[in-house]
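The values are calculated or read from the model by the stated rules, or taken from the named source; none is laboratory data. For clarity, every value in this text was computed on a predicted model and none was experimentally measured. As a convention, Cβ positions derive from the backbone with ideal geometry for all residues, glycine included, and neighbour counts pool all protein chains shown.
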Amino acid sequence: MSLNVFFQHCLTGISLGGAYALIAIGYTMVYGILRLINFAHGDIFMVAGYFMIFATATFGWMAGIPIMLACTVALGVMIEKMAYKPIRTAPRMSVMISAIGVSYLLQNLTTYLFTALPRPYPEIPILKRIFQIGSVSASLVTFLTPVLTIVLVVILVYITNHTKVGMAMRAVSRDFETSRLMGIKINNVISITFVIGSFLAGVGALLYFTDRMSVTPFSGTLPGLKCFVAAVIGGIGSVPGAVVGGFVIGICETFLIALGYSTFSDAFTFILLIIMLLFRPTGLFGEKMIDKV
Amino acid sequence: MSKNLLEIKDLSVSYGGIRAVKGISFEVPEGEVVTLIGANGAGKSSTLRSIAGLEKPAGGSILFDGKELVQMGTEQIVTTGITLVPEGRRVFPNLSVLENLKIGAYQRKDSLDQDIAWIYGLFPRLEERSWQMAGTLSGGEQQMLAIGRALMSKPKLIMMDEPSLGLAPIVVQGVFDIIKEINKQGVTILLVEQNANMALKAAHRAYVMETGKITLSGTGKELAENEEVKAAYLGKAKNK
């Protein structure tokens with residue numbers, strides 16, 4: 001592999017990893033607050049793809065992007081209100097089963113409404129423009145994805161660490177009851193978490209599908225699972241962990257494909273998961289529980 | 001006579017058919033320290049939790065400053081000027097000491113600098129550890145932080161659920177000194193304790209709870225000298 005080709009693959013891997021990172025943040029944040037693995041998250045990402053198709057068809061891509069993001073956020077919050085909030089006090093397993101139910105509901109609903117045939121994803125001319133840096137050339141979306149990911153993550157880390165709402169999110173993630181005693185409306189904080197998670201899934205969908213060019217009702221399943229793995233590898237509950245996990249999986253996958261092992265690239269992700277769970281179950285940046293009684 | 005800040009009438013609390021609090025009535029006059037003492041399972045914590053809205057009372061009324069609290073949610077109740085220092089301290093271990101104080105004032109919109117300085121004046125140890133994560137503090141420091149956090153909401157009434165639990169005797173003394181100090185600064189206090197000795201010394205008025213009922217009441221001094229209380233809670237034999 002020449003150096004040139006190596007850089008080319010690096011770029012592709014980083015770009016894919018960026019999209020994965022954005023989706024993985026949604027898993028990790030919801031887990032941080034609700035201790036729930038939101039299995040519907042990958043499907044929210046897939047529906048975001050359809051939202052973009054229909055929004056662009058009607059309003060053009062410039063208006064389509066904000067409309068798609070708004071719809072995705074609304075979908076995420078609605079799922080929380082309808083499927084998770086009513087069973088807030090139920091055992092965690094029930095909520096997880098509810099999440100799996102929502103996942104299948106979204107897949108089957110989109111199959112019913114739009115058929116299972118791949119739908120072409122709208123081309124956004126600017127994102128598809130080819131750029132050349134040195135000897136490496138790629139479309140703008142490939143360059144843009146990692147940059148956008150880093151910017152969004154920096155904003156997100158700033159919000160959680162330096163704003164009042166971020167402080168409330170960290171408090172709620174540890175102790176619902178005491179948070180209520182502080183006057184924090186926990187349902188609002190949970191909704192904000194879903195707003196952020198779904199928004200990032202929407203951005204991730206835009207970047208991912210622009211590269212893939214088509215959407216099916218099952219487009220969210222495998223990326224969703226991989227991003228869940230990314231969140232676990234990074235240490236579920238940790239935003240920087242999810243980002244690192246996303247990049248690791250994106251880059252490894254790209255190189256495996258480049259080396260001719262494309263049939264094994266998905267298996268590799270899950271082998272990585274098993275190894276991680278065996279040797280470091282809290283993940284790379286997983287929180288150690290400090291509890292003093 | 002000062003007016004009653006908190007008036008409880010016929011309050012009962014049930015957990016799935018088991019009545020933990022069986023229709024109790026008591027008052028907390030403004031500016032006083034009032035204590036509820038009693039053994040484990042007497043219903044003391046349930047009483048505090050239902051005042052704070054964390055448990056729905058099965059019946060009765062809770063009047064605070066002339067407002068009925070029974071139908072309100074916790075988030076609303078704390079804005080009326082009540083706060084609870086929960087049992088086991090429950091500071092946020094993943095937030096710094098300063099952030100714990102700030103989150104205590106979550107529903108306030110005015111400037112906090114003065115009050116943070118006030119809390120640090122009361123607890124100089126907390127100022128030294130301002131940037132430390134609360135989870136790394138010792139038990140006594142966490143208790144101080146929990147009290148400081150509650151004071152940050154500028155409450156009229158501060159309720160404390162067993163603040164001496166699990167602390168070394170010398171630290172317990174410190175906690176009670178602070179209770180007297182913040183009371184002197186004008187905050188009304190409702191204190192639940194198993195450490196009856198300390199609680200009765202600190203309290204203007206005291207109630208004894210047994211299996212969900214109030215069985216005795218009086219000034220702190222009266223109860224401390226009461227023979228039954230002595231025998232049951234102060235570890236002193238009855239004089240025959």
> Hey, among A:83, A:99, which residue is surrounded by fewer than 18 Cβ atoms within 10 Å (Cβ to Cβ), in contact with a helix residue (DSSP H, G or I) (Cβ under 8 Å, 6 or more places away or on another chain) and assigned by TED's automatic domain parsing to the domain that holds residue A:202?
Replying inline: A:83
>> Looking at residue A:218 and the list (1) more than 14 Å from chain B (Cβ to nearest Cβ); (2) in a helix (DSSP H, G or I), which single condition is not satisfied?
In response: (2)
>> For residue B:50, only one of the following conditions fails: (1) more than 14 Å from chain A (Cβ to nearest Cβ); (2) out of contact with any helix residue (DSSP H, G or I) (no Cβ under 7 Å at 6 or more places or on another chain); (3) of a type in the set (Ser, Thr, Tyr). What is its number?
In response: (1)
> Among the numbered criteria (1) under 13 Å from residue A:164 (Cα atoms); (2) facing chain A (nearest Cβ under 8 Å), which single criterion is violated by residue B:105?
Replying inline: (2)
>> Just checking, does the range B:11-28 include any residue being over 16 Å from the mean Cα position of the chain (by Cα), among the acidic types (Asp, Glu) and either in a loop (DSSP other than H, G, I, E, B) or within 29 Å of residue B:180 (Cα to Cα) (or both)?
In response: no
>> I'd like the full set of residues that are surrounded by 16 or more Cβ atoms within 10 Å (Cβ to Cβ), at the interface with chain A (Cβ under 9 Å from one of its Cβ atoms) and over 9 Å from the mean Cα position of the chain (by Cα), limited to the range B:78-87.
In response: B:78
> Condition test on residue A:14, is it under 30 Å from residue A:256 (Cα atoms), assigned to a helix (DSSP H, G or I), in contact with a helix residue (DSSP H, G or I) (Cβ under 6 Å, 6 or more places away or on another chain) and not assigned by TED's automatic domain parsing to the domain that holds residue A:187?
Replying inline: yes
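Of the residues B:148, B:121, which single one is in a helix (DSSP H, G or I), touching a helix residue (DSSP H, G or I) at 6+ places or on another chain (Cβ under 9 Å) and crowded, with 18+ Cβ neighbours inside 10 Å?
Going through B:148, B:121 in turn, just one is in a helix (DSSP H, G or I), touching a helix residue (DSSP H, G or I) at 6+ places or on another chain (Cβ under 9 Å) and crowded, with 18+ Cβ neighbours inside 10 Å: B:148.
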> Under the condition of being crowded, with 20+ Cβ neighbours inside 10 Å and part of a helix (DSSP H, G or I), which residue from the range B:124-145 is farthest from the other protein chains (Cβ to nearest Cβ)?
Replying inline: B:126
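Residues are listed down the side, and each one gets a yes or a no for (1) more than 14 Å from chain B (Cβ to nearest Cβ); (2) over 25 Å from residue A:37 (Cβ atoms):
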position: A:142; (1), (2): yes, yes
position: A:147; (1), (2): yes, yes
position: A:154; (1), (2): yes, yes
position: A:172; (1), (2): no, no
position: A:184; (1), (2): no, no
position: A:204; (1), (2): yes, no
> Of the residues A:70, A:57, A:63, which single one is assigned to a helix (DSSP H, G or I), assigned by TED's automatic domain parsing to the domain that holds residue A:190, surrounded by 13 or more Cβ atoms within 10 Å (Cβ to Cβ) and among the small types (Gly, Ala, Ser)?
Replying inline: A:70
> So residue B:71 fits all but one of (1) under 22 Å from residue B:27 (Cα atoms); (2) part of a loop (DSSP other than H, G, I, E, B); (3) at pLDDT 95 or above; what number is the exception?
Replying inline: (3)
> Would you call residue A:194 buried (at least 19 other Cβ atoms within 10 Å of the Cβ), modelled with pLDDT of 95 or more and either among the aliphatic types (A, V, I, L, M) or assigned by TED's automatic domain parsing to the domain that holds residue A:54 (or both)?
Replying inline: yes
> From the residues in the range B:166-190 that are of a type in the set (A, V, I, L, M, F, W, C) and more than 15 Å from the chain's Cα centre (by Cα), which one is farthest from the other protein chains (Cβ to nearest Cβ)?
Replying inline: B:170
> Of all residues in the range A:110-126 being of a type in the set (A, V, I, L, M) and in contact (Cβ under 8 Å) with a residue 40 or more places away in the chain, which is surrounded by the most Cβ atoms within 10 Å (Cβ to Cβ)?
Replying inline: A:124
> Looking at this structure, is residue A:245 within 14 Å of another protein chain (Cβ to nearest Cβ) and not hydrophobic (A, V, I, L, M, F, W, C)?
Replying inline: no
> Taking the condition over 28 Å from residue A:186 (Cα atoms), away from chain A (no Cβ under 14 Å) and surrounded by fewer than 21 Cβ atoms within 10 Å (Cβ to Cβ), does residue B:193 pass?
Replying inline: no
> Is the range B:59-72 home to any residue that is facing another protein chain (nearest Cβ under 8 Å), more than 17 Å from residue B:160 (Cα to Cα) and either touching a residue at least 24 places away in the same chain (Cβ under 8 Å) or surrounded by fewer than 23 Cβ atoms within 10 Å (Cβ to Cβ) (or both)?
Replying inline: no
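Might you let me know whether the range B:203-214 holds any residue that is of a type in the set (Asp, Glu) and out of contact with any Gly (no Cβ under 7 Å at 6 or more places or on another chain)?
Among the residues of the range B:203-214, not one is of a type in the set (Asp, Glu) and out of contact with any Gly (no Cβ under 7 Å at 6 or more places or on another chain), which makes the answer no.
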